[in-house]
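The values are calculated or read from the model by the stated rules, or taken from the named source; none is laboratory data. Model, not experiment: these values are computed from the prediction. Cβ coordinates were reconstructed from backbone atoms using ideal geometry, including for glycine residues, and neighbour counts include every protein chain displayed. Accessible surface is based on the protein model in full, side chains and every heavy atom, while ligands, DNA and RNA are left aside. Shrake-Rupley method; radii C 1.70, N 1.55, O 1.52, S 1.80 Å.
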Amino acid sequence: MSFLGRSGELKVLQEAWSAGRSGFIPIYGRRRVGKSELIVHFMTGKQGCYFVGKRASGEAQLQEFLEAAASALGDSLLAQARVANWKSALELVTQRLPAKGKFILALDEFQWIAEANSELPSVIQELWDRQWSRSGRILLILCGSDIGFMERELLGQRSPLFGRRTAQILLRPFNHLEAARFHPRFSTV
């Protein structure tokens, strides 16, 4: 089945990808509305790393992130790297980015990554402020299904990441007309 709908959201992502500057886009919404599928579809044919957080230890998530980044960058040594924290891991990945072009860094289920690594929002703030935002080469997507967490820890005034997003997407369920596109042989009336 082909990808249907979400044209407005895809437009926001594509504009950020095509822009000459870096982008930071939080994507959030309730479970099962298609956030992950939207990101994966958007990333098709683009240089990037997609990592899904889980309820696991911080160390396990760091290692899995490095493995995902190694696969995305075609750098097997990256998967063997041992780092002490997210700052080291993200800096290591940033150092290994291709010399040209933009790179998507998508962290899905961000609330679970941050739950095991409470310093992560502050680390991202530092990297965004000192490197990524000026480079014009990073499209950072932080995605989560815990709406309260995303609004408080990413978008809220007390968040280290407050005021840094370049766009945001609150993904809502399809309305009835959008859902009808999945069943083209059925009548919409």
Cα-based count: Lys pairs in the chain below 22 Å, eight or more positions apart or different chains? 10
Please state the charge dipole magnitude for the chain, taken about the Cα centre, from unit charges on C-beta atoms (+1 on K and R, -1 on D and E), reported in debye and rounded to the nearest 20. 560 debye
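Protein chains only, probe 1.4 Å: how do Lys100, Lys35, Lys11, Lys54 rank by accessible area, largest first?
Heavy-atom accessible area, descending, gives Lys100, Lys11, Lys54, Lys35.
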Apply the Debye scattering formula to segment 1-113, with a single equal point scatterer on each alpha-carbon and no solvent, then give log10 I(q)/I(0) at q = 0.21 Å⁻¹. -1.28
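Summing +1 for each Lys or Arg and -1 for each Asp or Glu, what net charge is found among the other residues whose Cβ lies under 12 Å from the Cβ of Ala72?
Values: positive: Lys46, Arg96; negative: Glu67, Asp75.
Neighbour charge sum, excluding Ala72 itself: 0.
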Under the helix-only model (-39500 (n - 2.57) for each DSSP H run of 4 or more, divided by the residues of the chain), the mean residue ellipticity at 222 nm, to 500 deg cm²/dmol, is -11000 deg cm²/dmol
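Mind checking the per residue accessible area of segment 70-115 for me, 1.4 Å probe, whole number of Å²?
About 47 Å² of surface per residue is accessible.
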Ordering Arg32, Arg134 by how much accessible area each has at a 1.4 Å probe, largest first, what is the list? Arg32, Arg134
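How large is the convex hull of the Cα atoms of the chain per residue, expressed in Å³ as a whole number?
Normalising the Cα hull of the chain by residue number yields 125 Å³.
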Taking the Cβ of Ile169 as the centre, find all other residues whose Cβ is under 14 Å away and add up their charges (Lys, Arg: +1; Asp, Glu: -1). +1
Need one number: nm distance between label points at Leu10 and Arg31, each 7 Å from Cα along Cα→Cβ, rounded to one decimal. 2.8 nm
Taking the Cβ of Ala99 as the centre, find all other residues whose Cβ is under 15 Å away and add up their charges (Lys, Arg: +1; Asp, Glu: -1). +3
